Amino acid sequence: MGPTRLVVATRNEHKLRELEQILAGVELVPLPDDVELPPETGDTFEANALGKARAARAATGEPAIADDSGIGAAALGGAPGVRSARYAGPGATDRQNLELLLSKVDGKVDRSVAFVCAIAYIDDAGAEWVFEGICEGTLAEVPRGSGGFGYDPAFIPREIGDGRTMAELEPAEKHAVSHRGRAAALLAHHLGLESP
């Protein structure tokens, strides 16, 4: 059985809430306010997630997890990728990032996209693990739905198959196919947790 308490290296309330739903049975503790996370300068989601998890573990001495995730559009060569959270510039809102992506893909024949999430876990002994989840889909022309966050209102997951966006799915439906849900399920399995 894995730890019953993990420090989560995020300031994103949406991510914390999603992870709480997926990793039922583990107490997820938000990062203390005085802990500074390193800038996300890595070339991969894995590198960024590990950097944040290492900072949380070093600051608290407790087992820690961190995720880094984003979206890649085939028509844009995989962009925005690791730059997803600041695609429209530093401090950009989710809406600004989404609008920029939609404008860049506008008129392109290929609207296929993929969400990628890497969750880094550092255990009590300091061993490091990374779990990656991918969800493939299509970019909607117009955002729809009020659930989720980030690029969810324009991401139509291929696996659901009925044209709804991530933001139109019930939380359990989303977690079953989402990039974060898949990465967290691998982490849960590693920790010996029952699947939700």
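Quick note: the coordinates plus some simple rules give every number you see, no bench work behind them. Here the structure is a predicted model, which means the values were calculated and not measured. Neighbour counts run over all protein chains shown; Cβ positions are idealised from the backbone, glycine included.
Points to keep in mind about this one:
- A viscosity of 0.890 mPa s and a temperature of 25 °C, combined with the Kirkwood radius over C-alpha pairs in the Stokes-Einstein formula, give the chain a diffusion coefficient of 145 µm²/s.
- Among residues other than residue 88 with Cβ under 11 Å from its Cβ, the summed charge is +2 (Lys and Arg +1, Asp and Glu -1).
- Straight-line cross-link reach from residue 52 at under 21 Å between alpha-carbon atoms covers these lysines, not counting any fewer than eight positions away in the same chain: 15.
- Most to least packed among 124-133, 164-173, 179-188 [average Cβ atoms within 10 Å]: 179-188, 164-173, 124-133
- By average C-beta atoms within 10 angstrom, highest first, the peptides 141-154, 89-102, 60-73: 60-73, 141-154, 89-102
- Put a dot 7 Å past the Cα of residue 108, heading toward its Cβ, do the same for residue 13, and the two dots end up 3.2 nm apart.
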